[in-house]
Amino acid sequence: MALDAGAFVVLRYLSVELYLANFISINMGITLSFFLNTYFNFRKTDMIIKRAISFYSVGYLGLLISSGIILVGTNFLHIPDSPVKMYSIIIIAMFQFALNKFVTFGRRTSFLGKAGKTI
């Protein structure tokens, strides 16, 4: 989250176009987040290529949602881009964490927890 936000602010300060800055900053965040989640949070280093594809797919879904939030916030609600981006990061981070927890780093064959309870 912090890398995404910081990179976005710096890129916009350097006059990088809004959606390009969003794309670059989100990719930086996705990459760092994948490695941190893989090695420190979930500690699952098996099937690394499949997990990376899944993680980036979730990340790009977040990019689409983030771009939509920025579009509505800046063009229709006339809110400056940085605050809209910060709100979108919070919303997208929760969404992506949940998806990655259960899909990318969860059990791949079922959504059943211990003792057959549905998660």
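By average Cβ neighbour count within 10 Å, what is the ranking of 45-54, 97-106 from highest down?
97-106, 45-54
Who wins for biggest fluctuation among Ser25, Ser15, Ser88 in a Gaussian network model of the chain, springs between alpha carbons below 10 Å?
The residue that fluctuates most here is Ser15.
Could you point to the label whose value was computed as Rg/Rh (Cα atoms, Kirkwood Rh) for the structure here, given [x] 0.91; [y] 1.05; [z] 0.97?
Among [x] 0.91; [y] 1.05; [z] 0.97, the one derived from this structure is [y].
Could you give me the ³J(HN,Hα) list for region 92-97, computed from phi with Karplus coefficients 6.51, -1.76, 1.60 and θ = phi - 60°, whole Hz, x at Gly and Pro?
5, 4, 5, 4, 5, 4
So what are the ³J(HN,Hα) numbers for region 29-34, from phi and the Karplus equation (6.51, -1.76, 1.60; θ = phi - 60°), rounded to whole Hz, Gly and Pro as x?
Along region 29-34, the couplings run x, 4, 4, 4, 4, 4 Hz.
Among 71-77, 7-13, how do they line up from the highest to the lowest mean number of other beta-carbon atoms within 10 Å? Please report the intermediate quantities before stating the final value.
Values: 71-77: 12.1, 7-13: 17.7.
By packing density, highest mean first, the sequence is 7-13, 71-77.
Starting from 0.36 nm per residue, how many nanometres of slack lie between Leu14 and Ile65 once their C-alpha separation is accounted for?
Result for the pair: 15.9 nm of gain on full extension.
Taking H as built 1.01 Å from N, whose amide H comes closer than 5 Å to the amide H of Ile79, not counting residues under 5 places away?
So Ile79 has HN proximity to Thr74.
Arrange the following residues from fewest to most other Cβ atoms within 10 Å of their Cβ: Phe55, Phe34.
Placing the least packed residue first, the sequence is Phe34, Phe55.
When ranked by the protection proxy of mean other Cβ atoms within 10 Å per residue, highest first, what sequence do the peptides 80-86, 57-63 form? Walk me through the numbers on the way to the answer.
On the way: 80-86: 15.7, 57-63: 18.4.
Top to bottom by mean Cβ count within 10 Å: 57-63, 80-86.
Coordinate-derived values only; no laboratory data. Just so it is clear, the structure is predicted and the values come from calculations on it, not from any experiment. Glycine gets a Cβ as well: all are built from the backbone with ideal geometry, and neighbour counts include every protein chain shown.
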